[in-house]
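**Q** Take this structure, written in structure tokens, and hold onto it; I'll ask about it next.
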Amino acid sequence: MIKEGIQRNIVALNKQQKIFKAFFHAWKGIQHFFTHDRNGRIHLGAALASVFAGFSFKISAQTRTIVNLDKIAASYVTLGLSIGEYDPDFVDAYYGPDSLKPTSPKQDSFPKKFFLASIDSLISQLNDLDISEARRTKIQNR
């Protein structure tokens with residue numbers, strides 16, 4: 001019984017030593033990367049500058065939400081214009097930027113599954129936005 005306990009402790013100690021060695025080698029690799037590789041220093045500088053800019057310009061969750069909402073809106077317009085290629089009554093007129101117009105060629109048949117998946121994706125992205133419940137209710141009731 002004592003022998004089994006000692007063996008378990010030795011096995012556990014060996015595992016801990018292996019983990020320690022792995023972290024030690026990983027740390028040495030990171031040090032080598034930043035001290036000997038010019039790109040490593042450039043990437044570290046860019047990462048630190050991004051973090052510093054985020055704190056300096058006080059980029060908030062609200063700002064990130066607005067940026068995400070803009071991307072979702074652009075996807076919504078592109079989706080609507082894509083559906084409009086199949087149904088001429090779906091979009092009366094579009095005066096927005098050409099960059100939002102669909103670029104993929106029109107298929108022979110209406111790609112119902114693709115459009116439904118795109119709609120589900122947009123709904124999911126909207127639900128994932130970091131907005132208050134009161135604001136979410138106001139948006140949904142429009």
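**Q** Please enumerate the residues belonging to region 68-102 that are charged (D, E, K, R) and under 24 Å from the mean Cα position of the chain (by Cα).
**A** Here is the first cut: in region 68-102, the residues charged (D, E, K, R) are 70-71, 85, 87, 89, 92, 98, 101.
Asp70, Lys71, Lys101, listed by residue number.
**Q** So which residues in region 69-119 are out of contact with any helix residue (DSSP H, G or I) (no Cβ under 7 Å at 6 or more places or on another chain), hydrophobic (A, V, I, L, M, F, W, C) and not in a helix (DSSP H, G or I), if there are any at all?
**A** The answer is Ala93, Phe110.
**Q** Take region 66-110 and flag every residue that is among the hydroxyl-bearing types (Ser, Thr, Tyr), under 26 Å from Asp128 (Cβ atoms) and in contact with a Phe, Trp or Tyr (Cβ under 9 Å, 6 or more places away or on another chain).
**A** The answer is Ser82, and nothing else.
Coordinate-derived values only; no laboratory data. Computed from a prediction, not measured in an experiment: that's the story for all the values here. In this analysis, Cβ positions are derived from the backbone assuming ideal geometry, glycine residues included, and neighbour counts consider all displayed protein chains.
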